[in-house]
Amino acid sequence: MFGRCSRFSAHCTESSVSRVIVLFLQCSHVRCSDTQTRWSAAKGIGRITCRLPRELADEVVTTVIDTTKDDSDTAWHGTCLAIAEMARRGVLLPERLPDAFPVVLKALHFEKRRGNFSVGNHVRDSACYVCWAFGRAYAPAVLRPFVLNLAGALLITACYDREVNCRRAASAAFQENVGRQGTFPHGIEILTRADYFALGNRSNAYLNVSLYIAQFEDYRIPLIEHLVEHKLNNWDQNVRVVASKTLYHMARLDPQYVATHTLPALWPRLASVEPLEREGVLLAMAEIILGLAEIGYEDKLVPDTVTNIQQIIPTILKKRLFRGKGGEFVRAAVSRFIECVSRSKVTYPSDLVKTTATLLEENLKNPQEYIQIAAVEAYRAFANRFFS
């Protein structure tokens with residue numbers, strides 16, 4: 001049916017064809033639970049729509065974009081595939097890009113938590129396909145207003161996505177746009193580091209590739225903000241840990257921004273109802289404080305920041321933030337926080353020193369081995385700092 005559009009259109013009026021496509025959308029073909037059905041529907045919509053008059057084709061484009069009002073991952077996946085197909089075939093006109101781009105940028109970071117895992121990697125992968133199609137379909141002058149946001153979003157996905165296929169897909173889309181558009185800031189320099197093989201290892205992508213990209217001011221702030229907003233509360237502990245380690249290096253790279261914007265944004269999240277987010281926030285604050293201390297920037301911290309650092313342990317004990325599923329992770333994170341603060345020049349009052357020592361002794365008695373190991377490292381630094 002979709003392969004022979006000319007035969008199909010010979011028996012139907014143009015308006016009826018448009019209604020058939022809208023019916024396809026309304027009957028959930030692009031949001032079907034089967035991936036092959038969504039992919040076939042997207043290709044069919046692109047092939048038929050390219051043969052419609054401009055007004056009817058624009059109506060189909062609007063209907064496809066509106067499909068994202070359904071917040072399911074299948075709807076977002078099918079919508080991205082359909083947008084990519086319509087862009088490739090010249091159906092998505094330049095005046096519709098302001099409506100399509102917010103959908104694509106949101107899809108690049110789409111993730112829905114379900115218990116102890118999440119879904120959405122197929123949505124992010126299809127969003128990279130859309131960006132790849134945009135690079136091939138539009139002239140540089142058309143995409144120029146969106147270049148900075150598009151480049152930043154693709155690099156964030158290429159460096160920080162949990163799934164290797166999404167990181168590599170984002171890198172391929174970025175490479176396509178750099179080659180065809182020629183307007184992406186520092187595109188060639190970045191491609192020499194953010195290649196297929198370099199992004200295959202998650203730690204390398206976080207701790208090496210992203211730090212190289214962060215040297216360019218156009219991308220530094222978006223990278224830091226994404227780590228803080230989306231990775232510190234990730235369901236995967238490995239992602240939370242490597243994100244906090246990346247913030248350690250970001251603090252050394254841009255201490256002023258991290259000290260004045262990132263740290264103040266983390267204080268309120270310490271009282272989150274989600275223990276995994278509390279762990280990520282504690283690890284991030286610990287690594288940021290350590291990073292600032294190692295370059296001597298801690299002397300420039302405002303008094304309110306120092307006071308907040310001193311109040312973290314009492315706040316945790318007062319609000320009993322060790323409770324709930326995942327509370328053991330918070331205990332280990334507290335030990336890491338104490339270790340990093342002990343390596344800095346932040347001072348503790350005598351009563352807080354006693355409270356902290358008692359807390360570490362409790363962690364040493366914990367039956368979990370990883371908590372004991374974290375407490376040992378923390379007690380060593382704590383004793384050298386406050387008991388020597």
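Kindly indicate whether Thr347 is outside any helix (DSSP H, G or I) and surrounded by fewer than 19 Cβ atoms within 10 Å (Cβ to Cβ). Working first, answer last.
On the way: outside any helix (DSSP H, G or I): yes; surrounded by fewer than 19 Cβ atoms within 10 Å (Cβ to Cβ): yes.
The answer is yes for Thr347.
Can you tell me how many residues within segment 363-388 are free of Cβ contacts under 8 Å to residues at least 24 places away in the same chain and not in a helix (DSSP H, G or I)?
The number of residues fulfilling the criteria is 4.
Would you confirm whether or not segment 219-241 contains a residue that is of a type outside the set (Gly, Ala, Ser), touching a Gly at 6+ places or on another chain (Cβ under 7 Å) and open to solvent by 40 Å² or more (accessible area, probe 1.4 Å)?
Yes, because at least one residue in segment 219-241 is of a type outside the set (Gly, Ala, Ser), touching a Gly at 6+ places or on another chain (Cβ under 7 Å) and open to solvent by 40 Å² or more (accessible area, probe 1.4 Å).
Run down Val123, Val119, Val142, Val104 and say which single residue is open to solvent by 10 Å² or more (accessible area, probe 1.4 Å), of a type outside the set (S, T, N, Q), over 17 Å from Phe216 (Cβ atoms) and within 15 Å of the chain's Cα centre (by Cα).
Val119
A quick yes/no check of all residues on (1) open to solvent by less than 10 Å² (accessible area, probe 1.4 Å); (2) within 25 Å of Val228 (Cβ to Cβ); (3) out of contact with any His (no Cβ under 9 Å at 6 or more places or on another chain); (4) not basic (Lys, Arg):
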position: Tyr129; (1), (2), (3), (4): no, no, yes, yes
position: Ile156; (1), (2), (3), (4): no, yes, no, yes
position: Arg167; (1), (2), (3), (4): yes, yes, yes, no
position: Gly179; (1), (2), (3), (4): no, no, yes, yes
position: Thr183; (1), (2), (3), (4): no, no, yes, yes
position: Gly187; (1), (2), (3), (4): yes, no, yes, yes
position: Leu191; (1), (2), (3), (4): no, no, yes, yes
position: Asn201; (1), (2), (3), (4): no, yes, yes, yes
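Between a residue in segment 292-309 that is in a helix (DSSP H, G or I) and any residue that is among the aromatic types (Phe, Trp, Tyr), which pairs come within a Cβ distance under 8 Å, given they are 6 or more apart or on different chains?
Final answer for the pair search is Asn308/Trp267.
Any residue at all in segment 319-331 that is within 30 Å of the chain's Cα centre (by Cα), assigned to a helix (DSSP H, G or I), among the charged types (D, E, K, R) and loosely packed, with under 15 Cβ neighbours inside 10 Å?
For segment 319-331, residues within 30 Å of the chain's Cα centre (by Cα), assigned to a helix (DSSP H, G or I), among the charged types (D, E, K, R) and loosely packed, with under 15 Cβ neighbours inside 10 Å: present.
The values are calculated or read from the model by the stated rules, or taken from the named source; none is laboratory data. Quick caveat: nothing in here was measured; it's all calculated off a predicted structure. Backbone-built Cβ (ideal geometry, glycine too); neighbour counts: all protein chains shown. Accessible surface is based on the protein model in full, side chains and every heavy atom, while ligands, DNA and RNA are left aside. Shrake-Rupley method; radii C 1.70, N 1.55, O 1.52, S 1.80 Å.
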